[in-house]
Structures are given as structure tokens and as C-alpha cells.
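Novice: Below you will find the structure I want to go over with you.
Any read-out appearing in this document is the output of simple, stated calculations on the displayed coordinates, not a laboratory observation. Bear in mind that the values here come from a model prediction, so they are computed numbers and not experimental data. Neighbour counts are summed over all protein chains in view; Cβ atoms, including those assigned to glycine, are modelled from backbone coordinates with ideal geometry.
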Amino acid sequence: MEKILVIARREFRAAVVSKAFLISIILMPLMMLGSLGVQIALERFRPDEERVLGIIDRTPGKNLGAVETLNLLSGDNSTNKMDPFGDPAGDQGGKKQRVRIKFVAIEPSGTDPESILKQRVSVGDRVRKRELSGFFDIHPDALVTPPKDAPPREDVTYYTDRTFDRDVLTMASGKVLSAVYLQRAACLNPLLLVKGRNSYTPEELSSLIRETSKAGSRGLSMKDLPHFDPATGKPVDGQETKIAENIIVPLVLVMLMFIVIMMGASPLLQAVIEEKMQRIAEVLLGSAQPFDILMGKLLGMTTVGVLLALVYLLGGAFIASRFDAARFLRADLVLWFVVFETMALLMFGAVFLAVGSAVSDIKQAQTLLTPVTLIITIPLFVLMRVIEDPGSGLARWMSLFPTATPMMMLARIALQPDLPLWEPLLGVFLMLITTLVVVLLASRIFRIGYLSQGQAPKIRDLIGWIVKGE
Amino acid sequence: MSHLDAVVLEKVTKRFGNYTAVDGVDLVIQHGAIHGFLGPNGSGKTTTLRLIMRLFAPDEGRVVVMGETHGGCSRDEVGYLPEERGLYKTMKVGEMLEFLARLKGVHQPASLVDDWLKRFDLFAWKKKKIETLSKGMAQKVQFIGAIISRPKLALLDEPFSGLDPVNALVMREALIRLREEGTTVILSTHDLALAEQMCDSFFLIHKGKKLLSGSWSEVQRDHGGERVRVSFVDPGIRPDGVSGVAGAIPTGEAWELDIAENATPESVLAELLPLGGIRRFETGQASLSDIFLRLVGATAGASVGH
């Protein structure tokens with residue numbers, strides 16, 4: 001154990017006290033920003049699209065309802081086309097928008113809950129048929145300022161079958177909410193409307209909206225589409241979707257885990273090949289058992305990887321706190337992240353070490369690395385499906401498959417705070433066994449490969465090294 | 001084997017595919033001496049050293065090091081300087097040596113490192129990176145790394161290669177001091193003259209097989225004998241094939257002659273005189289080089305310093 005720690009300490013110091021580590025700390029956010037930039041750049045090549053959104057305005061006194069307010073603000077008196085704060089042509093700030101939002105007013109049904117639900121199911125069917133992209137449902141009491149200390153109320157609900165409707169979030173929802181709050185302000189003081197659109201400065205409008213949006217409102221709620229329960233035949237309202245918890249948190253954590261695995265484990269391969277080329281391997285083997293060397297390197301790298309991940313998590317938590325979103329990084333989630341990241345680094349790091357020891361240069365490593373990289377990447381292919389339905393059979397089985405456990409189980413824990421504890425614990429147990437087996441097998445390859453030179457071994461040779469030990 | 005034996009090899013064979021690198025070798029190395037490990041390139045020396053270090057497992061036979069058959073803690077008691085040197089280029093000299101010492105179980109290596117660096121005139125380089133050292137300096141650092149833990153057994157594969165005469169002398173003194181302190185040294189070298197001066201016993205291997213082993217007096221008794229060195233006025237004259245000459249090896253303008261068992265230097269001289277004018281004729285005991293060349297053959301002689 002002492003030798004393992006001596007080697008681990010050297011590996012840790014060599015990795016952390018290096019330009020590469022500092023660069024990687026800076027590089028990762030740049031990579032993330034870069035991927036964001038790529039997505040923004042790709043927007044330019046997105047085909048023009050018109051998103052038709054329904055609005056069911058259930059507020060009483062329609063002549064002074066949300067629709068009228070929007071039109072009053074936008075100066076557009078068309079009842080079907082409301083783009084209150086932007087140009088109806090979709091030209092904002094001189095930049096051509098690829099996506100245009102078109103609002104369609106939908107006559108509200110009766111006010112009893114069943115009629116409301118039935119109407120939502122019926123409009124939901126129009127969404128399913130792609131007549132609409134989604135629809136807003138404005139609560140009858142939305143224009144009434146709730147009493148102080150009242151529980152938060154759903155004023156505006158957006159129904160969609162999309163998990164993450166970025167276009168609506170960025171281009172429409174704020175406007176609809178603003179219109180509702182402004183109208184609420186007008187209900188409090190009808191004389192406000194007498195001034196007319198041109199009499200208000202943007203600051204005055206913001207002030208009006210701010211005042212009325214402060215009290216007991218949840219703002220925009222997002223739900224999936226209502227439907228009829230096939231068993232009872234009764235209409236069922238959509239389930240609320242929480243974008244931060246349901247999309248951003250698991251996505252960012254899993255991507256962070258993936259990047260740290262790749263950034264942490266890949267250098268091991270390079271380092272072992274360099275040690276072989278620089279003939280350090282034999283010096284080390286003269287002092288320590290191959291297993292000690294392998295474990296020392298693994299521990300050193302894992303510590304570096306976890307440190308790197310924690311730096312980013314702390315950075316992310318700090319940024320999130322600035323936007324009042326730190327609550328999404330739950331303490332248990334961070335703990336599970338560290339557990340799974342550690343185990344993933346140990347497991348995949350051992351494989352990278354074994355591959356590095358078996359080859360003489362990077363070129364030879366490519367062939368052996370392809371299946372390894374594929375195994376690491378597979379969870380990313382199904383990540384969105386797991387995010388959409390973390391309770392599905394696919395999600396459960398994937399999260400219990402040891403090579404996919406770290407990413408899949410973490411995503412599920414992020415999405416399901418009430419996930420039974422036995423599931424992640426079983427995942428950890430299975431991973432622990434797999435990691436031990438992988439480390440033992442890798443050490444057998446490492447023991448022979450570390451001193452070998454010349455032609456890269458074939459898979460058959462590697463199996464021979466593992467089975468026969470020669 | 002006895003408790004005096006540092007290393008025992010019993011009918012050890014190691015193969016790589018169809019190639020037999022070490023072929024049924026028996027060897028006993030006793031504690032507390034410098035043992036010369038000789039052999040031409042590709043003879044199986046490095047493989048044998050790796051077998052002793054347990055970097056390889058023998059296909060047949062048994063390797064016992066410091067009384068242990070399966071390694072265990074004996075690795076800490078063995079210092080190893082491999083044939084191909086390797087140091088972390090970006091590490092500082094002091095850090096590298098401390099790391100190697102800690103790997104051998106030395107808990108407070110700082111003062112030890114300073115001592116050795118001063119002894120090898122490297123103290124000024126302690127905080128310099130390995131990559132800034134010359135080949136000879138790196139060689140010394142590597143040597144220090146091999147023996148810094150004061151091992152009971154030191155396996156040194158060509159420790160003098162790349163050293164200038166001054167540093168070679170420092171290294172030689174260090175080896176002698178190791179022996180005085182009780183370390184058993186196995187010294188693999190091609191420098192036979194140096195080996196003859198320094199080593200207490202010898203082990204010669206060729207094509208994986210043991211050709212000789214024993215103390216200098218035993219080697220002389222079994223493989224030595226008188227040697228004749230002769231040079232002719234006409235360099236074209238060849239003494240090989242003359243009666244009483246068992247073997248002849250050209251060394252520049254002279255010839256080293258191996259005298260047959262039933263001949264004497266005088267009888268050989270009598271046979272040589274008719275060939276032509278003799279410029280020089282010397283007799284003496286066979287050197288280690290002579291014995292090496294006789295056993296290994298003239299083909300290997302080309303690669304041996306003479």
C-alpha cells in the first residue's frame with residue numbers, strides 16, 4: 001500500500017503541477033462555450049419555421065383581457081396575431097429570425113374543471129396533430145392579485161409535448177407573462193390604460209410588471225399534454241416539467257462526468273506509452289509490483305479527475321447561486337456524482353492503462369481504444385431517452401449495467417430525488433465488482449505489456465496474457 | 001542452497017516464442033562480493049537479470065533471491081540498474097531520487113539524497129530537471145537511484161557505459177564501498193579489463209548457456225593457461241594453423257595465441273621462426289579477455305573491448 005501511495009502522489013503532483021492541468025481547467029469551460037457557439041452557429045443553417053401557439057385566455061371581461069393588452073402594447077389589433085413586443089415580421093434588431101411565433105386565440109370552454117380539462121385534452125390533440133406547437137392556458141384568476149402569504153398560484157401554463165421547448169421559452173413565454181402582469185396592473189388601476197401605449201416608457205412598463213408579478217405567482221408552469229386516461233376514460237391534466245431539474249442538471253452533470261473521464265483517463269494511456277518509450281517502466285518494476293504501479297497510477301489520476309470535477313462543480317454552483325439556481329445542485333446529488341465519477345475513473349482508467357501498456361505508440365493504441373471509447377460513449381446515446389423517462393425499463397437496466405452505471409444512475413438520481421436507495425447502491429455494488437475485476441485483468445495485461453516492445457498485441461494475445469499470464 | 005547465497009538459479013530456462021534466451025542455467029551467487037556477469041551481446045544476460053528481478057517468470061527451473069522464491073519483500077532489498085536507462089525527464093533530480101528511494105521503502109530520503117549527490121558532484125543539479133542533464137550525469141543519477149536504499153543485493157547492468165574516465169573512477173569507488181558495506185553486487189559489463197580488476201568472481205553466459213563461473217583463481221585453473229603474444233615484421237604472416245597453437249586471434253598488428261595442451265611457449269616459438277621475422281614475442285597468464293574470447297569465439301570478439 002505504501003508503494004501505491006508513493007506512486008499515486010507522484011502521479012498526482014506530475015498531473016496537477018503542470019501546464020496541462022491548468023490548461024485543462026481553462027479548456028473545459030471553453031469547450032462547453034465552444035459547443036454552445038457551434039449550436040448558435042448552426043442556428044444560421046436552421047430552416048425557417050413558423051411556430052403556431054394557441055392561447056386560451058380564461059380571464060373574465062375579454063375586452064380588457066390579456067389579448068387586448070398584448071395588442072394594445074404591440075399596436076397590432078389583429079386578434080390572431082400577437083407579437084406584442086417584437087416586430088410582426090420577426091425581424092428583431094435587424095437580424096432575421098429563423099423561427100417565427102404566431103399566436104392563435106382559442107375560445108375558452110366553460111369554467112367548471114371538467115370542461116376545462118376536456119378542452120385542454122382537445123387542444124392537446126391539435127398539438128399532437130401538429131396543428132399547434134403548444135398552447136398557453138391563462139388561469140381565470142390570473143388578473144387578480146393574490147393575497148399576501150397565499151401559496152404560489154399557476155397563472156399561466158404552457159402545454160407541450162416537447163421536453164425542452166427553447167423557442168417558446170426564449171421568444172414567447174416572457175411576452176405572455178408580461179402581458180398578463182400588465183393587465184393585472186391595469187385591473188388594479190384601470191386609468192393606467194388610458195395613457196395608451198406611447199405614453200409609457202419601457203422603464204415604466206417594467207416597473208408596472210415587476211410590481212404585479214411579485215405577489216404569489218409561480219410565473220410560467222410547463223406541462224406535458226393532457227390526455228384521456230385509457231383505464232377510466234377521464235381527462236387527465238399534463239404533468240409539470242421542470243426544465244432546470246429535468247434537463248439542464250442531469251445533462252450538465254453527465255457531460256461533466258464524461259469529459260472528466262476522457263480528460264482524466266486518456267493521459268494515462270499517453271503516460272504509460274511514454275514511460276515505455278523512455279524506459280522508465282523497468283526502473284519502476286525494479287521497485288514495485290505491477291499491481292502497485294497500476295493502482296498508484298489509477299489512484300493518482302482518479303484524485304486529479306475528482307479534483308478537476310469538484311473545481312467545476314464549485315464553479316458551477318457559484319455561477320448558479322448568482323442566478324438563484326444553486327438549489328438544483330442537491331447535496332446528495334453532488335455526493336453521488338463524486339462516488340460515480342471516482343468509480344468510473346478507476347474502471348475506465350484501468351482499461352486505458354492496460355491498453356497503454358500493451359502498445360508501443362499511440363498509433364497502435366487506436367485499434368484497441370475504439371471499443372473502449374464506444375463503451376464509454378454508449379450512455380450518451382440513450383441519455384435523452386433516460387431524461388425523458390427515467391423510470392422506464394431501459395433507464396433502469398442501463399443504469400444497472402456497470403459500464404453505463406455512472407452516467408445513467410447519476411441522471412436518474414438527478415431526475416428522481418425519491419429513487420429507492422437500493423437502486424444506486426446496487427449500481428455501486430455491481431460497479432465495484434466490475435471495477436475490481438477490470439483492475440485485476442488490467443494488471444495482468446499491464447505486467448506483461450509494460451515491458452514489451454514492438455508489434456501491438458492482438459485481442460487474442462491480450463486474452464492469452466490474461467488467462468495464462470504470459 | 002545456504003544462507004550465504006544471495007541468488008540461486010536452478011536449471012532456469014526462459015523462452016520467448018521459439019527463441020530460448022536462457023537455457024538450463026545453474027548459478028549460485030554468494031553474499032558480499034562483486035560478481036562479474038559477462039557475455040556477448042544477445043547472450044541472455046539481461047534476461048537473466050530480469051529473471052533475478054522477477055520481471056520475468058522462468059519457464060522452467062527455480063529462481064531464489066535473498067532466500068525467497070516468489071518475490072515478496074525481497075524487491076526492497078534489491079537495487080536494480082537496468083540496461084536501458086529511464087528517468088522522468090520533467091522531474092527534478094532531487095525529487096526523482098527521493099521518489100526512487102521512497103519506492104524502496106526509505107521514509108526520510110532527503111539527507112540521503114543530498115549525501116549521494118555530493119558524492120557524485122551533482123548537488124548543484126539537485127533542483128534541475130532531468131532533461132537538462134548530460135548523458136553521463138543522468139547515468140550517475142540512475143545509479144544513485146539504484147543503490148540509494150543501500151540494498152543487500154545490487155544488479156547493475158552496464159553501469160559504466162557513457163561515463164568519462166573521471167566519473168568511471170567515482171563509480172568504481174562507489175561499487176567497492178558498496179561491497180565493503182556488505183552489498184552483494186552483480187555487475188554486468190562488457191569492460192573485461194575492469195571486470196578483471198574489480199570482480200571477485202565471474203559468470204559467463206553465451207547463447208543462453210553458462211560457459212563458466214567461479215572465482216578468478218578457479219577460472220584461471222579451469223580455463224586459463226599460458227598465452228603468447230606475437231607480432232611479425234611482415235604483417236601478412238598468419239600464425240594460425242601452426243603446430244602447438246590451439247587458437248589465434250588477431251589484435252591489431254599482433255596475434256594472441258592459445259597454446260595447445262601438449263605444447264609449450266618454447267615449442268611454439270620454434271614453430272613460428274620459420275614463418276618469417278618475429279618483431280616481438282611475449283608470454284603470460286591468460287587474461288579474462290583471452291578466456292572470454294577463447295570460450296565465446298572470435299565472432300563475438302569483435303564486440304568486446306580488448
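Novice: Among B:Gln139, B:Met53, B:Gln108, which residue has its Cα furthest toward the positive end of the charge dipole of chain B, with +1 on Lys/Arg Cβ and -1 on Asp/Glu Cβ?
Specialist: The residue sitting most towards the positive pole is B:Gln108.
Novice: Report, in deg cm²/dmol and to the nearest 500, the calculated mean residue ellipticity at 222 nm for chain B, where each DSSP H run with n ≥ 4 adds -39500 (n - 2.57) and the sum is divided by the residue count.
Specialist: Result for chain B, helices only: -9000 deg cm²/dmol.
Novice: How would A:Asp167, A:Asp161 line up from fewest to most surrounding beta-carbon atoms within 10 angstrom? Could the numbers behind the result be given before it?
Specialist: Values: A:Asp167 19, A:Asp161 14.
In order of increasing Cβ crowding within 10 Å: A:Asp161, A:Asp167.
Novice: Sorting A:Cys187, B:Cys199 on the 10 Å Cβ count, fewest up front, what's the list?
Specialist: Numbers: A:Cys187 18, B:Cys199 25.
Neighbour counts put them in this order, fewest first: A:Cys187, B:Cys199.
Novice: Taking the Cα centre as origin and putting +1 on Lys and Arg beta-carbons and -1 on Asp and Glu beta-carbons, what dipole magnitude results for the range B:72-211, to the nearest 20 debye? Walk me through the numbers on the way to the answer.
Specialist: Numbers: 22 positive and 19 negative charges, 77 e Å.
It works out to roughly 360 debye.
Novice: Taking N as the number of residues in the range A:246-360, what value does Rg over Cα atoms divided by 2.2 N^0.38 Å take?
Specialist: On the way: Rg = 17.1 Å, N = 115, 2.2 N^0.38 = 13.4 Å.
Cα Rg divided by the expected 2.2 N^0.38 Å: 1.28.
Novice: Once the principal axes of the Cα atoms of the range B:5-220 are found, what is the range along each, listed largest first in whole angstroms?
Specialist: Projected onto the principal axes, the Cα atoms of the range B:5-220 cover 47, 35, 32 Å.
Novice: Then there is this: Roughly how far apart, in whole Å, are the Cα centres of the range B:41-91 and the range B:174-214?
Specialist: 16 Å
Novice: Also, I was wondering about something else. How far is helix B:110-119 tilted off the main Cα axis of chain B, in degrees rounded to 10, range 0 to 90?
Specialist: Helix B:110-119 and the main axis of chain B meet at about 30 degrees.
Novice: Holding the Cα-Cα limit at 20 Å, pick out from A:Lys3/B:Lys104; A:Lys3/B:Lys129; A:Lys297/B:Lys126; A:Lys297/B:Lys45; A:Lys19/B:Lys92 the pairs that are longer than that. Before the final figure, lay out each step's value.
Specialist: Numbers: A:Lys3/B:Lys104 8 Å; A:Lys3/B:Lys129 23 Å; A:Lys297/B:Lys126 25 Å; A:Lys297/B:Lys45 30 Å; A:Lys19/B:Lys92 16 Å.
Exceeds cut-off: A:Lys3/B:Lys129; A:Lys297/B:Lys126; A:Lys297/B:Lys45.
Novice: Write down Rg/Rh for the range B:124-231, rounded to two decimals, with Rg from the C-alpha atoms and Rh from the Kirkwood relation over Cα pairs. Spell out each step's value before the answer.
Specialist: Values: Rg = 16.7 Å, Rh = 16.0 Å.
Reported Rg/Rh (Cα atoms, Kirkwood Rh): 1.05.
Novice: Could you work out, residue by residue across A:283-294, how many beta carbons of other chains sit within 10 Å of that residue's beta carbon, and then give the average as an integer? Write out the running numbers ahead of the final one.
Specialist: Values: counts 14, 5, 7, 17, 16, 4, 4, 1, 0, 2, 1, 0.
Mean partner shielding for this stretch: 6.
Novice: In addition: Could you go through the range B:217-223 in sequence order and give the Karplus-derived ³J(HN,Hα) for each residue, using 6.51 cos²θ - 1.76 cosθ + 1.60 with θ = phi - 60°, rounded to whole Hz, and x for Gly and Pro?
Specialist: Values per residue, Gly and Pro as x: 5, 5, 5, 4, 5, 7, 10 Hz.
Novice: Let me ask you something else. Using the charge dipole of the range B:122-242 (Lys, Arg: +1 at Cβ; Asp, Glu: -1 at Cβ; taken about the Cα centre), state which of B:Gln220, B:Trp125, B:Leu155 has its Cα farthest towards the positive end.
Specialist: B:Trp125
Novice: Over the alpha-carbon set of the range B:225-285, work out the extent along each principal axis and list the three values in angstrom, largest first.
Specialist: Ordered largest first, the range B:225-285 gives principal extents of 28, 21, 17 Å.
Novice: What percent do you get for the relative contact order of chain B when only Cα pairs under 8 Å and 6+ apart count? Don't skip to the answer; put the middle values down first.
Specialist: On the way: 545 pairs, mean separation 60.1, N = 306.
Computed value for chain B: 20 percent relative contact order.
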